[in-house]
């Protein structure tokens, strides 16, 4: 079997673009992959045009060899744009191999270790009362792992706004303390601060809540400096969930080896696909760290991550963006006529060959790519704030 073509589909689905990649072969078997670099899809498409020239004629069953070939094909190895492109290709190659052999992708990763994949929901609110209500709704529907978002001053529908850390952390800590009191000690509660804080701000936030209020603190500061996270580790005992921005096993390594993260938020569509993710998962297992994958994309990313979750022993929960309190519209059935389906708050592990997803190429033209920017936040003095 030989690769005959790489097709790239930057497409608007729901409220964001997705970058879908198709790898075709001379035996009529194809595979689907997805890139995770939201907001910079055209940069990844450019990288894929380069990689296409290397891939034509290659054996798609040699995913590990192809990973090394692509990674080492330029002097400037790695980086988020290139590994996002590699991720999409790698995922598609595993889809091809699963289809060719008539087995689910997780069988290629060591076999199924669980019958279903637990998920967590995300919820936001405009007040503590509304947040409590939404958390109680999720709990009543079987969602026992809930990620909350911090207090955020912005007008609904606006793409930019004012966001001051010191205005947020006090209010947010008060809200979360009230939520924990309302729902009790059973549910798992966490927060995603989306790397908006400094070390001091993150420490102050944690110190304003009673012990046990939060079960995880996701991405409180940016990830460029493991040393900064080590400093924060000494200032709070709330478990950290870090890793969605990592683009390689090397970037994940210090967070694993130095005991900085407690939940690995790897993104299968950014870190290098299955080939790289399984290595990170193995390192995490050796350090008793569970995976908590980042999954803000569409059905291809979701399906791929479900297969990864099925095959590893050290798994906590999968992010999904469709729940009773959130629906971003990324799983449009017209464009993805075949996809995995949620069963309450979990995904049953599929049994069909490959990933178990199909993309409707015929409908591609009706959903053209749109230039989209992530929301832009500023402090009140006009300086730029992380989103």
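The values are calculated or read from the model by the stated rules, or taken from the named source; none is laboratory data. The shown structure was predicted, so the numbers you read here are calculated from the model rather than taken from an experiment. Cβ sites come from the backbone with ideal geometry, for glycine too, and all protein chains shown count toward neighbours.
Which of (1) farther than 19 Å from residue 262 by Cα; (2) at pLDDT below 95; (3) out of contact with any strand residue (DSSP E or B) (no Cβ under 9 Å at 6 or more places or on another chain) is the odd one out, the single condition residue 224 does not satisfy?
Every condition holds for residue 224 apart from (1).
Quick one: which of 289, 335 is at pLDDT 90 or above, on the phi < 0 side of the Ramachandran plot and either within 20 Å of the chain's Cα centre (by Cα) or assigned by TED's automatic domain parsing to the domain that holds residue 41 (or both)?
289
Quick test of your reading of the structure: residue 382 fulfils all but one of (1) touching a residue at least 12 places away in the same chain (Cβ under 8 Å); (2) on the phi > 0 side of the Ramachandran plot. Name the failing condition by number.
Residue 382 satisfies all of (1) touching a residue at least 12 places away in the same chain (Cβ under 8 Å); (2) on the phi > 0 side of the Ramachandran plot except (1).
Residue-by-condition table, conditions (1) assigned to a loop (DSSP other than H, G, I, E, B); (2) touching a strand residue (DSSP E or B) at 6+ places or on another chain (Cβ under 8 Å); (3) outside the structural domain of residue 302 (by TED's automatic domain parsing):
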position	(1), (2), (3)
82	no, no, yes
93	no, yes, yes
133	no, no, no
139	no, yes, no
166	no, no, no
170	no, no, no
176	no, yes, no
182	no, no, no
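Among what's in the stretch 354-374 and is more than 15 Å from residue 17 (Cα to Cα) and in a loop (DSSP other than H, G, I, E, B), pick the residue that is farthest from the chain's Cα centre (by Cα).
By that ranking, first place goes to 360.
Restricting to the stretch 256-274, give me the number of residues that are assigned to a helix (DSSP H, G or I) and either surrounded by fewer than 24 Cβ atoms within 10 Å (Cβ to Cβ) or in the same structural domain as residue 37 (by TED's automatic domain parsing) (or both).
2
Of the residues 78, 98, which single one is within 30 Å of residue 57 (Cα to Cα), within 23 Å of the chain's Cα centre (by Cα), outside the structural domain of residue 246 (by TED's automatic domain parsing) and in a helix (DSSP H, G or I)?
98
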